[in-house]
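**Student:** Before I ask anything, let me first share the structure, which is written out below as structure tokens.
The values are calculated or read from the model by the stated rules, or taken from the named source; none is laboratory data. Just so we're clear, the structure is a prediction, and the values are computed from it rather than from any experiment. Here the Cβ is made from the backbone with ideal geometry for all residues, glycine too, and neighbour counts use every protein chain on show.
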Amino acid sequence: PGVQLPYDPSKKNIVVLGSGWAATSFLKNIDNTEYNVIVVSPRNFFLFTPLLPSVAVGTLTSGAILQPTRYLTRHKPRQVTVIEAEVKAVDPQAKTVTFADESEVKGAVSSTTINYDYLVYAVGAETQTFGIPGVQEHACFMKEINDAENMKRRFMDCIETAAFPGQSKEEIDRLLHMVVVGGGPTGVEVSGEIHDFLVEDLKQWYPELADRIRITLVEALPSVLPMFSKKLIDYTISTFKEAKIDVLTNTMVKEIKPQSVVLQMPDKTMADVPVGMVVWAGGNKPRQLSVDLMNQYPELQKNRRGITIDDCLRMVGPSDSSVFALGDCTSSGYAPTAQVASQQGAYLAGIFHQLLKRDAIAAQLSETMAAGNTREAKQLRWRLERANNLRPFHYSHQGSLAYIGHDRAIADVNIFNKAISSGGVATFLFWRSAYLSTLFSLRNRFLVANDWIKCRLFGRDLVRD
Ligand code: FAD
Ligand code: NAD
């Protein structure tokens, strides 16, 4: 079924789903001289997520952390087909993917099906809301570029509305109460960024309001940042105390209403707290597309956190090992981080090189057998067996880094096999240089550095666009 794409029919097709960390790292590393590579993703760019909270308060502009996927693919030796579309279904039996154009402008054809020989499934995850009432309707998220832009708009709207003449004291206090839900790194970084905006810019431009802005971070567990060492958790808590960010642990959000948030406090009493803005950073859950794919193998795919894969990133289920899954859509035992996703992408590109070698040996073997050369065939069989043994994926943890506001960052890193925990201004400079060097292109490095300088010289942008 489906359309003919401008690829070479003598080569195998790798269809890559997604343009995030895992897919981009795969695309960067894959040698496409011997494969046709087709990318399908609803966004035609890569988003550098670690700096997303900085966009939400105007420290960085959106463009600085986005890289068009075609910037990467145009440097590949052969053409890579990039399709902006949302995948609706994957059929591992027929080896097809069906996708549709969900953008505003649609052509006469807006949905189709293509075949694959290998599928690189890297569609990421979506935000977990646990079905809590009001989250979808009233909270801002922090996952996609639109989320950061929405949050900035909402935040500035709360401030301008609080400045509206005749507003009561209670209403001003409500409008200026910002609640962040989730004490994982996303929630902590968002709280720190809001604080910076407040002390570095809003104090100057809204002196009568700035001191009344309150930031509250709500976490259901006993501690924030469970992936960091105790020393850095304590350092974060004390920095937040200094910054007047209230941290409520053992506190669970039960409902979000248009103007308030319902909290279950540590003593199990309920509190209806007035708010202007709620940012939801409650973690990940699999996309519906991944759940549908897993449901095709109900006996083997039982983990509700994501797709179960083997050591070589092959999805457990499809008998011909043609589906590889990587990044946040999987439940691989590793944390759902960019570090894991990008290492998996690079590893998988190497595996395709090995598969190519294996296919060449298999072709040589059938020729040799047809010619009746049994001695050489024996040797080739032995080589084929070795080539079929794919080298497993090994994750190398480079450490954890997070920005906590106040020009301070925290880092748990391994240097020369020594675990080092540090927090403060020097770590912040390390954080900045680490992320600047991790950005995929020189263009993005230039744009991010330029925004940082612009922000120091002229402050953040207050425009509510
Ligand atoms: P993603 O990067 O989310 O990419 C998924 C891709 O799939 C996207 O291109 C999406 O458009 C596409 N897609 C979605 N639906 C479909 C569909 N139906 N069909 C086709 N394509 C689809 N990790 C770190 O290690 N360090 C950090 O500092 C860090 N900071 C973070 C900050 C924030 C605010 C957030 C939200 C996350 C952060 N992470 C960080 C986690 C990191 O971003 C994720 O682990 C990483 O993005 C996972 O990569 P991925 O490729 O699996 O998914
Ligand atoms: P997370 O899963 O790490 O944290 C979500 C938190 O929300 C949890 O601690 C959970 O207890 C809390 N929560 C959920 N529902 C709640 C409720 N109703 N009330 C109160 N609290 C509630 O999610 P995240 O911070 O978005 O991170 C997702 C992944 O991305 C993680 O693997 C993380 O390591 C990675 N990440 C890394 C960085 C970094 O390294 N700097 C930054 C952001 C994200």
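**Student:** What are the residues in the stretch 411-445 that are surrounded by 14 or more Cβ atoms within 10 Å (Cβ to Cβ), of a type in the set (Gly, Ala, Ser) and over 24 Å from residue 66 (Cβ atoms), if any?
**Tutor:** 411, 421, 422, 423, 424
**Student:** Is it true that residue 368 is of a type in the set (Val, Ile, Thr), within 25 Å of residue 233 (Cα to Cα) and crowded, with 18+ Cβ neighbours inside 10 Å?
**Tutor:** no
**Student:** For the stretch 254-270, state whether one or more residues are without any contact (Cβ under 8 Å) to a residue 60 or more places away in the chain and of a type in the set (Asp, Glu).
**Tutor:** yes
**Student:** When you scan the stretch 277-289, how many residues do you find that are near ligand 1 (Cβ under 9 Å from one of its atoms) and crowded, with 23+ Cβ neighbours inside 10 Å?
**Tutor:** 1
**Student:** Could you look through the stretch 327-358, keep only residues that are among the charged types (D, E, K, R) and more than 16 Å from ligand 2 (Cβ to nearest atom), and pick out the one that is surrounded by the most Cβ atoms within 10 Å (Cβ to Cβ)? Quick ask: steps written out before the conclusion?
**Tutor:** Here is the first cut: in the stretch 327-358, the ones among the charged types (D, E, K, R) are 328, 357-358.
If we keep only those that are more than 16 Å from ligand 2 (Cβ to nearest atom) as well, we get 357-358.
Details: 357: 13, 358: 18.
Ranking the qualifying residues of the stretch 327-358, first place goes to 358.
**Student:** Would you check if there is a residue in the stretch 61-69 being of a type in the set (A, V, I, L, M, F, W, C), closer than 26 Å to residue 432 by Cα and at pLDDT below 95?
**Tutor:** In the first step, residues of the stretch 61-69 are kept if they are of a type in the set (A, V, I, L, M, F, W, C); the result is 64-66.
Subset that is closer than 26 Å to residue 432 by Cα: 64-66.
The next check asks that each one be at pLDDT below 95; those that pass are none.
No, the stretch 61-69 has no match at all.
**Student:** Can you find a residue in the stretch 375-395 that is within 25 Å of residue 194 (Cβ to Cβ) and either touching a residue at least 40 places away in the same chain (Cβ under 8 Å) or away from ligand 1 (no atom under 16 Å from the Cβ) (or both)?
**Tutor:** Among the residues of the stretch 375-395, not one is within 25 Å of residue 194 (Cβ to Cβ) and either touching a residue at least 40 places away in the same chain (Cβ under 8 Å) or away from ligand 1 (no atom under 16 Å from the Cβ) (or both), which makes the answer no.
**Student:** Considering the stretch 184-225 alone, what residues qualify as being within 16 Å of ligand 1 (Cβ to nearest atom), polar (S, T, N, Q) and under 20 Å from residue 157 (Cβ atoms)?
**Tutor:** 191
**Student:** Quick one: is residue 361 in contact with a strand residue (DSSP E or B) (Cβ under 9 Å, 6 or more places away or on another chain), away from ligand 2 (no atom under 16 Å from the Cβ), aliphatic (A, V, I, L, M) and in contact (Cβ under 8 Å) with a residue 24 or more places away in the chain?
**Tutor:** Details: in contact with a strand residue (DSSP E or B) (Cβ under 9 Å, 6 or more places away or on another chain): no; away from ligand 2 (no atom under 16 Å from the Cβ): yes; aliphatic (A, V, I, L, M): yes; in contact (Cβ under 8 Å) with a residue 24 or more places away in the chain: yes.
Considered against the rule, which asks whether it is in contact with a strand residue (DSSP E or B) (Cβ under 9 Å, 6 or more places away or on another chain), away from ligand 2 (no atom under 16 Å from the Cβ), aliphatic (A, V, I, L, M) and in contact (Cβ under 8 Å) with a residue 24 or more places away in the chain, residue 361 comes out as no.
**Student:** Determine which member of the set 89, 56 is within 13 Å of ligand 1 (Cβ to nearest atom), of a type in the set (Gly, Ala, Ser) and surrounded by fewer than 17 Cβ atoms within 10 Å (Cβ to Cβ). Spell out how you get there, then give the answer.
**Tutor:** Values: 56 fails: surrounded by fewer than 17 Cβ atoms within 10 Å (Cβ to Cβ).
Unique residue meeting the criteria: 89.
**Student:** Looking at (1) of a type in the set (S, T, N, Q); (2) within 24 Å of residue 314 (Cα to Cα); (3) in a loop (DSSP other than H, G, I, E, B), find the lone condition where residue 24 falls short.
**Tutor:** Here residue 24 meets the rest and fails (3).
**Student:** Also: Out of all the residues in the stretch 322-338, which are touching a strand residue (DSSP E or B) at 6+ places or on another chain (Cβ under 8 Å), among the aliphatic types (A, V, I, L, M) and near ligand 1 (Cβ under 10 Å from one of its atoms)?
**Tutor:** 325, 326
**Student:** For the stretch 388-442, give me each residue that is under 18 Å from the mean Cα position of the chain (by Cα) and in a strand (DSSP E or B).
**Tutor:** The answer is 399, 400, 401, 402, 403.
**Student:** A further question follows. Among the candidates 279, 261, 273, single out the residue that is closer than 20 Å to residue 191 by Cα, of a type in the set (Val, Ile, Thr) and over 28 Å from the mean Cα position of the chain (by Cα). Even if it seems obvious, please write down each step before you answer.
**Tutor:** Details: 279 fails: over 28 Å from the mean Cα position of the chain (by Cα); 261 fails: over 28 Å from the mean Cα position of the chain (by Cα).
Going through 279, 261, 273 in turn, just one is closer than 20 Å to residue 191 by Cα, of a type in the set (Val, Ile, Thr) and over 28 Å from the mean Cα position of the chain (by Cα): 273.
**Student:** Quick one: which of 243, 220 is touching a residue at least 24 places away in the same chain (Cβ under 8 Å) and within 9 Å of ligand 2 (Cβ to nearest atom)?
**Tutor:** Sole residue among the options that is touching a residue at least 24 places away in the same chain (Cβ under 8 Å) and within 9 Å of ligand 2 (Cβ to nearest atom): 220.
**Student:** Please give the helices (runs of 4 or more DSSP H) falling wholly within the stretch 167-230 in which 2 or more residues are of a type outside the set (Ser, Thr, Tyr) and within 21 Å of the chain's Cα centre (by Cα).
**Tutor:** Working: elements: 169-175, 185-197, 207-210.
In the stretch 167-230, 185-197 are the helices (runs of 4 or more DSSP H) which contain 2 or more residues that are of a type outside the set (Ser, Thr, Tyr) and within 21 Å of the chain's Cα centre (by Cα).
**Student:** If you don't mind, another one. Could you list, in sequence order, all residues of the stretch 290-319 that are surrounded by fewer than 17 Cβ atoms within 10 Å (Cβ to Cβ) and either in contact with a strand residue (DSSP E or B) (Cβ under 6 Å, 6 or more places away or on another chain) or among the polar types (S, T, N, Q) (or both)?
**Tutor:** Correct list: 295, 296, 303, 319.
**Student:** Another question, then. Between 408, 464, 381, which is in contact with a Lys or Arg (Cβ under 9 Å, 6 or more places away or on another chain), surrounded by 12 or more Cβ atoms within 10 Å (Cβ to Cβ) and farther than 30 Å from residue 26 by Cβ?
**Tutor:** On the way: 408 fails: in contact with a Lys or Arg (Cβ under 9 Å, 6 or more places away or on another chain); 381 fails: in contact with a Lys or Arg (Cβ under 9 Å, 6 or more places away or on another chain).
One residue alone meets the criteria, 464.
**Student:** Hey, which of the strands (runs of 3 or more DSSP E) in the stretch 54-148, taking only ones fully inside, have at least 2 residues that are within 19 Å of the chain's Cα centre (by Cα), under 25 Å from residue 341 (Cα atoms) and without any contact (Cβ under 8 Å) to a residue 12 or more places away in the chain?
**Tutor:** Working: elements: 66-68, 80-84, 86-91, 96-100, 111-115, 118-121, 125-127.
Ranges flagged: none.
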